[in-house]
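Notes to accompany the following structure.
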Amino acid sequence: MKRFFTTETLTLAAIVLGVLAGVWFPETMLSLKWMGDLFLMLLKMLIIPLVFASVFVAIVSLGSGEALKNLGLKAFGYYFLTTALAVTMGLLIVNIIDPSTTHQLAAGEAITPPKEHSFASLLLSFVPSNIFTSLSQGKIVQILLFVIFFAVAVLHIEPAKRETLQLFFEAVNDAMGKIAEWIIKLTPLGVFSLIGYVIAKEGLDTLWDLESYVLAVLLALFIHALIVLPLLAAFLGRFNPLDYFRKVREAVLIAFSTASSSATLPVSIEVAGEKGGVRRESAGFILPLGATVNMDGTALYEAIAVMFIANSYGVELGFSQQIVIFLTATFASVGAAGIPGAGLVMMTMILSAVGLPLEAIGLIAAVDRILDMFRTSINVWGDLLAAKVLNRYI
Ligand code: ASP
(Lines give C-alpha, C1' and ligand atoms only; values in the text may rest on other atoms or scores of the structure.)
Protein backbone atom coordinates (compact mmCIF):
# COMPACT_ATOMS: atom_id res chain seq x y z
CA MET A 1 0.00 0.00 0.00
CA LYS A 2 2.76 2.35 0.97
CA ARG A 3 4.48 1.88 -2.39
CA PHE A 4 1.37 3.07 -4.16
CA PHE A 5 1.53 6.49 -2.50
CA THR A 6 4.80 7.57 -4.06
CA THR A 7 5.37 11.21 -4.92
CA GLU A 8 4.87 10.24 -8.55
CA THR A 9 1.48 8.59 -8.20
CA LEU A 10 0.36 11.43 -5.96
CA THR A 11 1.56 13.91 -8.60
CA LEU A 12 -0.44 12.14 -11.31
CA ALA A 13 -3.50 12.20 -9.07
CA ALA A 14 -2.83 15.88 -8.37
CA ILE A 15 -2.88 16.69 -12.08
CA VAL A 16 -6.28 15.04 -12.54
CA LEU A 17 -7.69 16.59 -9.35
CA GLY A 18 -6.23 19.96 -10.34
CA VAL A 19 -8.05 19.91 -13.67
CA LEU A 20 -11.33 18.83 -12.05
CA ALA A 21 -11.05 21.38 -9.25
CA GLY A 22 -10.20 24.09 -11.79
CA VAL A 23 -13.41 23.31 -13.68
CA TRP A 24 -15.73 22.78 -10.69
CA PHE A 25 -14.33 25.12 -8.05
CA PRO A 26 -12.59 27.91 -9.95
CA GLU A 27 -12.91 30.42 -7.10
CA THR A 28 -11.21 28.10 -4.63
CA MET A 29 -8.44 27.29 -7.07
CA LEU A 30 -7.84 30.98 -7.79
CA SER A 31 -7.49 31.58 -4.07
CA LEU A 32 -5.09 28.64 -3.70
CA LYS A 33 -2.66 30.12 -6.21
CA TRP A 34 -0.19 30.87 -3.43
CA MET A 35 0.50 27.17 -3.00
CA GLY A 36 1.72 26.80 -6.58
CA ASP A 37 3.64 30.05 -6.34
CA LEU A 38 5.40 28.83 -3.24
CA PHE A 39 6.42 25.59 -4.95
CA LEU A 40 7.68 27.51 -7.98
CA MET A 41 9.63 29.96 -5.87
CA LEU A 42 11.34 27.15 -4.01
CA LEU A 43 12.36 25.51 -7.27
CA LYS A 44 13.55 28.80 -8.73
CA MET A 45 15.57 29.48 -5.60
CA LEU A 46 17.78 26.54 -6.59
CA ILE A 47 18.29 27.30 -10.26
CA ILE A 48 21.20 29.74 -10.18
CA PRO A 49 23.42 28.04 -7.55
CA LEU A 50 22.64 24.67 -9.08
CA VAL A 51 23.37 25.69 -12.66
CA PHE A 52 26.60 27.33 -11.57
CA ALA A 53 27.80 24.40 -9.49
CA SER A 54 26.61 21.58 -11.72
CA VAL A 55 28.06 23.01 -14.92
CA PHE A 56 31.32 23.81 -13.16
CA VAL A 57 31.63 20.33 -11.65
CA ALA A 58 30.67 18.65 -14.94
CA ILE A 59 33.31 20.52 -16.93
CA VAL A 60 36.08 20.10 -14.36
CA SER A 61 35.25 16.37 -14.09
CA LEU A 62 35.53 16.08 -17.86
CA GLY A 63 39.13 16.97 -17.24
CA SER A 64 40.12 19.01 -20.26
CA GLY A 65 38.98 21.68 -22.66
CA GLU A 66 39.36 19.08 -25.40
CA ALA A 67 36.87 16.70 -23.74
CA LEU A 68 34.48 19.59 -23.25
CA LYS A 69 34.76 20.60 -26.88
CA ASN A 70 34.03 17.04 -27.86
CA LEU A 71 30.96 16.78 -25.68
CA GLY A 72 29.81 20.27 -26.64
CA LEU A 73 30.01 19.55 -30.35
CA LYS A 74 28.15 16.28 -29.93
CA ALA A 75 25.52 18.00 -27.80
CA PHE A 76 24.94 20.73 -30.38
CA GLY A 77 24.86 18.15 -33.19
CA TYR A 78 22.24 16.13 -31.32
CA TYR A 79 20.22 19.24 -30.40
CA PHE A 80 20.23 20.42 -33.96
CA LEU A 81 19.13 17.03 -35.24
CA THR A 82 16.21 16.73 -32.83
CA THR A 83 15.12 20.35 -33.30
CA ALA A 84 15.21 19.97 -37.08
CA LEU A 85 13.13 16.80 -36.82
CA ALA A 86 10.69 18.62 -34.53
CA VAL A 87 10.17 21.55 -36.89
CA THR A 88 9.83 19.18 -39.83
CA MET A 89 7.21 17.22 -37.92
CA GLY A 90 5.39 20.48 -37.13
CA LEU A 91 5.40 21.58 -40.78
CA LEU A 92 4.30 18.14 -41.95
CA ILE A 93 1.34 17.96 -39.61
CA VAL A 94 0.28 21.56 -40.21
CA ASN A 95 0.31 21.00 -43.97
CA ILE A 96 -1.85 17.91 -43.54
CA ILE A 97 -4.35 19.32 -41.05
CA ASP A 98 -4.26 22.83 -42.53
CA PRO A 99 -5.80 24.53 -39.48
CA SER A 100 -7.26 28.03 -39.63
CA THR A 101 -9.81 30.20 -37.89
CA THR A 102 -12.27 32.73 -39.19
CA HIS A 103 -11.96 34.66 -35.97
CA GLN A 104 -10.50 38.04 -36.79
CA LEU A 105 -8.96 40.29 -34.20
CA ALA A 106 -11.81 42.72 -33.65
CA ALA A 107 -10.95 46.33 -34.40
CA GLY A 108 -9.89 48.01 -31.21
CA GLU A 109 -9.04 44.74 -29.49
CA ALA A 110 -5.95 46.18 -27.92
CA ILE A 111 -2.96 43.95 -28.47
CA THR A 112 0.32 45.78 -28.15
CA PRO A 113 2.69 44.45 -30.74
CA PRO A 114 5.53 42.85 -28.84
CA LYS A 115 9.13 43.90 -29.36
CA GLU A 116 10.68 42.30 -32.38
CA HIS A 117 13.61 39.94 -31.91
CA SER A 118 16.41 40.01 -34.42
CA PHE A 119 19.26 37.60 -34.91
CA ALA A 120 21.86 40.18 -33.77
CA SER A 121 19.98 41.09 -30.60
CA LEU A 122 19.58 37.39 -29.86
CA LEU A 123 23.31 36.79 -30.21
CA LEU A 124 24.24 39.76 -28.05
CA SER A 125 21.77 38.71 -25.37
CA PHE A 126 23.84 35.55 -24.81
CA VAL A 127 26.92 37.47 -23.63
CA PRO A 128 27.18 38.87 -20.09
CA SER A 129 28.77 42.24 -19.48
CA ASN A 130 28.43 41.99 -15.71
CA ILE A 131 28.15 38.49 -14.31
CA PHE A 132 26.55 39.69 -11.08
CA THR A 133 23.77 41.38 -13.03
CA SER A 134 23.30 38.17 -15.00
CA LEU A 135 23.19 36.17 -11.78
CA SER A 136 20.74 38.46 -10.07
CA GLN A 137 18.50 38.61 -13.14
CA GLY A 138 18.71 34.86 -13.69
CA LYS A 139 20.02 35.10 -17.25
CA ILE A 140 20.85 31.43 -17.66
CA VAL A 141 22.58 31.52 -21.04
CA GLN A 142 24.85 34.35 -19.90
CA ILE A 143 25.63 32.46 -16.71
CA LEU A 144 26.38 29.30 -18.70
CA LEU A 145 28.80 31.17 -20.91
CA PHE A 146 30.60 32.59 -17.90
CA VAL A 147 30.79 29.24 -16.07
CA ILE A 148 32.17 27.56 -19.16
CA PHE A 149 34.96 30.15 -19.34
CA PHE A 150 35.52 29.91 -15.60
CA ALA A 151 35.67 26.11 -15.47
CA VAL A 152 37.91 25.81 -18.52
CA ALA A 153 40.23 28.41 -17.00
CA VAL A 154 40.29 26.43 -13.76
CA LEU A 155 41.46 23.40 -15.75
CA HIS A 156 44.52 25.45 -16.58
CA ILE A 157 45.52 26.48 -13.05
CA GLU A 158 47.64 24.62 -10.48
CA PRO A 159 46.12 21.20 -9.59
CA ALA A 160 46.01 21.94 -5.85
CA LYS A 161 43.96 25.10 -6.38
CA ARG A 162 41.77 23.38 -8.94
CA GLU A 163 40.97 20.60 -6.47
CA THR A 164 39.98 23.10 -3.79
CA LEU A 165 37.51 24.74 -6.14
CA GLN A 166 36.27 21.41 -7.41
CA LEU A 167 35.59 20.18 -3.88
CA PHE A 168 33.85 23.42 -3.01
CA PHE A 169 31.50 23.30 -5.99
CA GLU A 170 30.88 19.58 -5.55
CA ALA A 171 29.72 20.33 -2.04
CA VAL A 172 27.47 23.14 -3.28
CA ASN A 173 26.11 20.78 -5.93
CA ASP A 174 25.38 18.00 -3.44
CA ALA A 175 23.72 20.37 -1.01
CA MET A 176 21.49 21.82 -3.74
CA GLY A 177 20.61 18.26 -4.75
CA LYS A 178 19.52 17.58 -1.16
CA ILE A 179 17.28 20.64 -1.13
CA ALA A 180 15.86 19.56 -4.50
CA GLU A 181 14.97 16.17 -2.96
CA TRP A 182 13.05 17.93 -0.20
CA ILE A 183 11.22 20.24 -2.57
CA ILE A 184 10.25 17.33 -4.82
CA LYS A 185 8.21 15.96 -1.92
CA LEU A 186 5.96 19.02 -2.22
CA THR A 187 5.27 18.34 -5.91
CA PRO A 188 1.71 16.98 -5.55
CA LEU A 189 0.54 20.08 -3.70
CA GLY A 190 2.35 22.45 -6.04
CA VAL A 191 1.09 20.70 -9.14
CA PHE A 192 -2.50 20.60 -7.88
CA SER A 193 -2.51 24.33 -7.29
CA LEU A 194 -0.65 25.31 -10.49
CA ILE A 195 -2.90 23.25 -12.76
CA GLY A 196 -6.10 24.14 -10.95
CA TYR A 197 -5.23 27.81 -11.23
CA VAL A 198 -4.51 27.68 -14.98
CA ILE A 199 -7.74 25.82 -15.70
CA ALA A 200 -9.76 28.15 -13.47
CA LYS A 201 -8.26 31.22 -15.13
CA GLU A 202 -8.15 30.15 -18.78
CA GLY A 203 -11.03 27.68 -18.88
CA LEU A 204 -11.04 24.61 -21.07
CA ASP A 205 -13.61 26.09 -23.52
CA THR A 206 -11.05 28.29 -25.25
CA LEU A 207 -9.38 25.12 -26.49
CA TRP A 208 -12.49 24.28 -28.58
CA ASP A 209 -12.51 27.69 -30.25
CA LEU A 210 -9.23 26.87 -31.94
CA GLU A 211 -9.63 23.12 -32.07
CA SER A 212 -7.89 22.43 -35.38
CA TYR A 213 -4.84 24.41 -34.27
CA VAL A 214 -4.77 22.80 -30.82
CA LEU A 215 -5.16 19.39 -32.41
CA ALA A 216 -2.31 19.99 -34.86
CA VAL A 217 0.06 21.12 -32.08
CA LEU A 218 -0.84 18.25 -29.75
CA LEU A 219 -0.67 15.60 -32.46
CA ALA A 220 2.75 16.74 -33.66
CA LEU A 221 4.04 16.99 -30.07
CA PHE A 222 2.87 13.48 -29.23
CA ILE A 223 4.31 11.89 -32.37
CA HIS A 224 7.63 13.61 -31.76
CA ALA A 225 7.74 12.68 -28.06
CA LEU A 226 6.43 9.14 -28.27
CA ILE A 227 7.87 7.93 -31.57
CA VAL A 228 10.61 10.11 -33.08
CA LEU A 229 12.63 10.98 -29.97
CA PRO A 230 12.49 7.52 -28.34
CA LEU A 231 13.51 5.81 -31.60
CA LEU A 232 16.40 8.18 -32.09
CA ALA A 233 17.49 7.84 -28.47
CA ALA A 234 17.27 4.04 -28.50
CA PHE A 235 19.27 3.95 -31.71
CA LEU A 236 21.96 6.43 -30.70
CA GLY A 237 22.01 5.80 -26.95
CA ARG A 238 21.26 2.07 -26.86
CA PHE A 239 18.86 2.16 -23.92
CA ASN A 240 15.18 1.52 -23.40
CA PRO A 241 13.38 4.91 -23.53
CA LEU A 242 10.23 3.61 -21.84
CA ASP A 243 12.19 2.27 -18.93
CA TYR A 244 14.08 5.55 -18.71
CA PHE A 245 10.84 7.55 -18.85
CA ARG A 246 9.51 5.63 -15.84
CA LYS A 247 12.55 6.71 -13.88
CA VAL A 248 12.57 10.38 -14.81
CA ARG A 249 8.88 11.14 -15.36
CA GLU A 250 8.64 13.26 -12.22
CA ALA A 251 10.56 15.97 -14.08
CA VAL A 252 8.23 15.75 -17.08
CA LEU A 253 5.20 16.10 -14.82
CA ILE A 254 6.71 19.16 -13.16
CA ALA A 255 7.48 20.64 -16.57
CA PHE A 256 3.85 20.12 -17.49
CA SER A 257 2.51 21.92 -14.46
CA THR A 258 5.03 24.76 -14.29
CA ALA A 259 5.39 25.38 -18.07
CA SER A 260 8.99 26.29 -17.32
CA SER A 261 12.06 24.28 -18.32
CA SER A 262 14.21 26.41 -16.03
CA ALA A 263 12.07 25.87 -12.95
CA THR A 264 12.12 22.14 -13.72
CA LEU A 265 15.90 22.05 -14.02
CA PRO A 266 16.70 21.22 -10.37
CA VAL A 267 14.35 18.24 -10.60
CA SER A 268 15.67 17.10 -14.00
CA ILE A 269 19.24 17.11 -12.73
CA GLU A 270 18.23 15.24 -9.59
CA VAL A 271 16.17 12.49 -11.26
CA ALA A 272 18.50 12.00 -14.24
CA GLY A 273 21.44 11.48 -11.91
CA GLU A 274 19.81 9.64 -9.03
CA LYS A 275 17.29 7.47 -10.86
CA GLY A 276 18.09 7.65 -14.57
CA GLY A 277 21.70 6.53 -14.26
CA VAL A 278 23.10 9.57 -16.08
CA ARG A 279 26.63 10.52 -14.97
CA ARG A 280 27.12 14.01 -13.58
CA GLU A 281 29.42 15.04 -16.43
CA SER A 282 26.46 14.58 -18.71
CA ALA A 283 23.53 15.55 -16.45
CA GLY A 284 25.35 18.55 -15.01
CA PHE A 285 26.27 20.01 -18.35
CA ILE A 286 23.72 18.77 -20.89
CA LEU A 287 20.60 19.48 -18.84
CA PRO A 288 21.30 23.16 -18.02
CA LEU A 289 22.43 23.76 -21.58
CA GLY A 290 19.44 21.90 -22.99
CA ALA A 291 16.97 23.73 -20.74
CA THR A 292 17.73 26.93 -22.57
CA VAL A 293 18.84 25.97 -26.07
CA ASN A 294 17.20 22.62 -26.83
CA MET A 295 13.45 23.08 -27.09
CA ASP A 296 11.89 20.63 -29.50
CA GLY A 297 8.36 21.28 -28.31
CA THR A 298 8.74 25.02 -28.72
CA ALA A 299 10.34 24.72 -32.17
CA LEU A 300 7.55 22.51 -33.43
CA TYR A 301 4.85 24.72 -31.97
CA GLU A 302 6.37 27.88 -33.49
CA ALA A 303 6.17 26.35 -36.96
CA ILE A 304 2.56 25.27 -36.56
CA ALA A 305 1.45 28.53 -34.97
CA VAL A 306 2.91 30.70 -37.73
CA MET A 307 1.38 28.55 -40.46
CA PHE A 308 -1.96 28.68 -38.63
CA ILE A 309 -1.76 32.47 -38.40
CA ALA A 310 -0.90 32.72 -42.09
CA ASN A 311 -3.85 30.48 -43.00
CA SER A 312 -6.19 32.54 -40.86
CA TYR A 313 -5.01 35.74 -42.54
CA GLY A 314 -5.49 34.11 -45.92
CA VAL A 315 -1.76 34.29 -46.68
CA GLU A 316 -0.38 31.37 -48.70
CA LEU A 317 3.10 30.34 -47.50
CA GLY A 318 4.89 28.28 -50.13
CA PHE A 319 7.87 25.98 -49.92
CA SER A 320 10.55 28.69 -49.79
CA GLN A 321 8.62 30.55 -47.08
CA GLN A 322 8.41 27.31 -45.14
CA ILE A 323 12.18 27.00 -45.32
CA VAL A 324 12.37 30.46 -43.75
CA ILE A 325 10.00 29.24 -41.05
CA PHE A 326 12.15 26.15 -40.53
CA LEU A 327 15.27 28.25 -39.94
CA THR A 328 13.68 30.98 -37.86
CA ALA A 329 11.69 28.52 -35.74
CA THR A 330 14.95 26.75 -34.94
CA PHE A 331 16.54 30.03 -33.85
CA ALA A 332 13.45 31.09 -31.96
CA SER A 333 13.52 27.86 -29.95
CA VAL A 334 17.19 28.38 -29.12
CA GLY A 335 16.52 31.97 -28.08
CA ALA A 336 13.41 31.26 -26.01
CA ALA A 337 14.05 31.37 -22.28
CA GLY A 338 12.85 28.42 -20.21
CA ILE A 339 9.94 30.35 -18.75
CA PRO A 340 6.19 30.32 -19.39
CA GLY A 341 5.16 32.10 -22.57
CA ALA A 342 8.68 32.62 -23.89
CA GLY A 343 7.85 30.80 -27.13
CA LEU A 344 4.97 33.15 -27.86
CA VAL A 345 7.23 36.17 -27.57
CA MET A 346 9.95 34.64 -29.74
CA MET A 347 7.40 34.05 -32.45
CA THR A 348 7.72 37.70 -33.44
CA MET A 349 11.02 36.75 -35.06
CA ILE A 350 9.31 34.31 -37.42
CA LEU A 351 6.26 36.48 -38.08
CA SER A 352 8.38 39.36 -39.27
CA ALA A 353 10.59 37.04 -41.34
CA VAL A 354 7.57 35.92 -43.34
CA GLY A 355 5.90 39.35 -43.34
CA LEU A 356 2.97 38.71 -41.02
CA PRO A 357 1.81 41.38 -38.52
CA LEU A 358 3.21 40.91 -35.02
CA GLU A 359 -0.12 41.52 -33.31
CA ALA A 360 -1.38 38.35 -35.01
CA ILE A 361 -0.16 36.43 -31.97
CA GLY A 362 -3.33 37.73 -30.33
CA LEU A 363 -5.13 35.00 -32.28
CA ILE A 364 -3.47 32.20 -30.36
CA ALA A 365 -2.74 33.89 -27.03
CA ALA A 366 -5.86 32.51 -25.32
CA VAL A 367 -4.77 28.89 -25.62
CA ASP A 368 -1.10 29.55 -25.24
CA ARG A 369 -0.69 28.69 -21.59
CA ILE A 370 -2.27 25.29 -21.91
CA LEU A 371 -0.25 24.43 -25.03
CA ASP A 372 2.82 25.77 -23.21
CA MET A 373 2.37 23.05 -20.59
CA PHE A 374 2.52 20.38 -23.28
CA ARG A 375 5.40 21.85 -25.23
CA THR A 376 7.46 22.41 -22.07
CA SER A 377 7.00 18.74 -21.14
CA ILE A 378 8.38 17.79 -24.55
CA ASN A 379 11.24 20.28 -24.16
CA VAL A 380 12.23 18.69 -20.86
CA TRP A 381 11.71 15.12 -22.09
CA GLY A 382 13.98 15.97 -25.05
CA ASP A 383 16.66 17.27 -22.68
CA LEU A 384 16.44 14.21 -20.45
CA LEU A 385 16.86 11.94 -23.46
CA ALA A 386 19.77 14.06 -24.72
CA ALA A 387 21.57 13.69 -21.37
CA LYS A 388 21.14 9.92 -21.43
CA VAL A 389 22.19 9.58 -25.08
CA LEU A 390 25.27 11.76 -24.66
CA ASN A 391 26.13 9.92 -21.45
CA ARG A 392 27.21 7.11 -23.77
CA TYR A 393 29.64 9.29 -25.69
CA ILE A 394 31.68 10.84 -22.89
N1 ASP B 1 7.70 27.50 -21.56
C2 ASP B 1 8.68 26.89 -22.43
C3 ASP B 1 9.80 26.30 -21.60
O4 ASP B 1 10.05 26.72 -20.51
C5 ASP B 1 9.22 27.83 -23.45
C6 ASP B 1 8.10 28.24 -24.37
O7 ASP B 1 7.35 29.16 -24.05
O8 ASP B 1 7.94 27.60 -25.41
O9 ASP B 1 10.46 25.37 -22.03
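The values are calculated or read from the model by the stated rules, or taken from the named source; none is laboratory data. Fair warning: this is a prediction, and the values are worked out from it, not measured in the lab. Note that each Cβ is placed from the backbone with ideal geometry, even for glycine, and that neighbours are counted across all protein chains shown.
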Residue hits (segment 274-298; within 16 Å of the ligand (Cβ to nearest atom), at pLDDT below 90 and either touching a Gly at 6+ places or on another chain (Cβ under 7 Å) or more than 30 Å from residue 325 (Cα to Cα) (or both)) are 292
Output the number of residues of segment 130-148 satisfying the condition of being of a type outside the set (Phe, Trp, Tyr), in a helix (DSSP H, G or I) and out of contact with any Pro (no Cβ under 8 Å at 6 or more places or on another chain).
8
Out of 391, 379, I need the residue that is of a type in the set (S, T, N, Q), surrounded by fewer than 23 Cβ atoms within 10 Å (Cβ to Cβ) and in contact with a Ser or Thr (Cβ under 6 Å, 6 or more places away or on another chain). Which one?
391
How many residues are farther than 23 Å from residue 141 by Cβ, within 13 Å of the ligand (Cβ to nearest atom) and surrounded by fewer than 20 Cβ atoms within 10 Å (Cβ to Cβ) when one looks only at segment 309-366?
1
Hey, residue 384 touching a Ser or Thr at 6+ places or on another chain (Cβ under 8 Å) and crowded, with 24+ Cβ neighbours inside 10 Å or not
yes
List, please: which pairs have Cβ atoms under 8 Å, are six or more places apart or on different chains, and start with a residue in segment 250-263 that is touching a residue at least 12 places away in the same chain (Cβ under 8 Å) and on the phi > 0 side of the Ramachandran plot and end with one that is part of a helix (DSSP H, G or I) and within 7 Å of the ligand (Cβ to nearest atom)?
259/372; 259/376
Positions within segment 273-308 being charged (D, E, K, R) and surrounded by fewer than 24 Cβ atoms within 10 Å (Cβ to Cβ), in sequence order:
274, 275, 279, 280, 281
Please determine whether any residue of segment 9-24 is part of a helix (DSSP H, G or I), at pLDDT below 90, surrounded by fewer than 16 Cβ atoms within 10 Å (Cβ to Cβ) and β-branched (Val, Ile, Thr).
yes
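When you check residue 151 against the structure, is it assigned to a helix (DSSP H, G or I) and more than 30 Å from residue 90 (Cα to Cα), yes or no? Before you say what the answer is, go through the steps one by one.
Numbers: assigned to a helix (DSSP H, G or I): yes; more than 30 Å from residue 90 (Cα to Cα): yes.
Judged against the criteria, residue 151 is a match.
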Only one of (1) more than 27 Å from residue 188 (Cα to Cα); (2) touching a residue at least 24 places away in the same chain (Cβ under 8 Å) fails for residue 273. Which number is that?
(1)
Subset of segment 312-328, residues aromatic (Phe, Trp, Tyr) and either closer than 11 Å to residue 350 by Cβ or in contact (Cβ under 8 Å) with a residue 40 or more places away in the chain (or both), comes to 313, 326
For segment 195-211, does any single residue satisfy the condition of being crowded, with 23+ Cβ neighbours inside 10 Å, under 20 Å from the mean Cα position of the chain (by Cα) and among the small types (Gly, Ala, Ser)?
no
Which of the residues spanning segment 215-251 are within 14 Å of the ligand (Cβ to nearest atom) and more than 18 Å from residue 333 (Cβ to Cβ)?
251
I need the full set of residues from segment 154-191 which are surrounded by fewer than 16 Cβ atoms within 10 Å (Cβ to Cβ), among the aliphatic types (A, V, I, L, M) and assigned to a helix (DSSP H, G or I), in order please.
160, 167, 171, 175
Determine whether residue 21 is within 23 Å of the chain's Cα centre (by Cα) and touching a residue at least 40 places away in the same chain (Cβ under 8 Å).
no
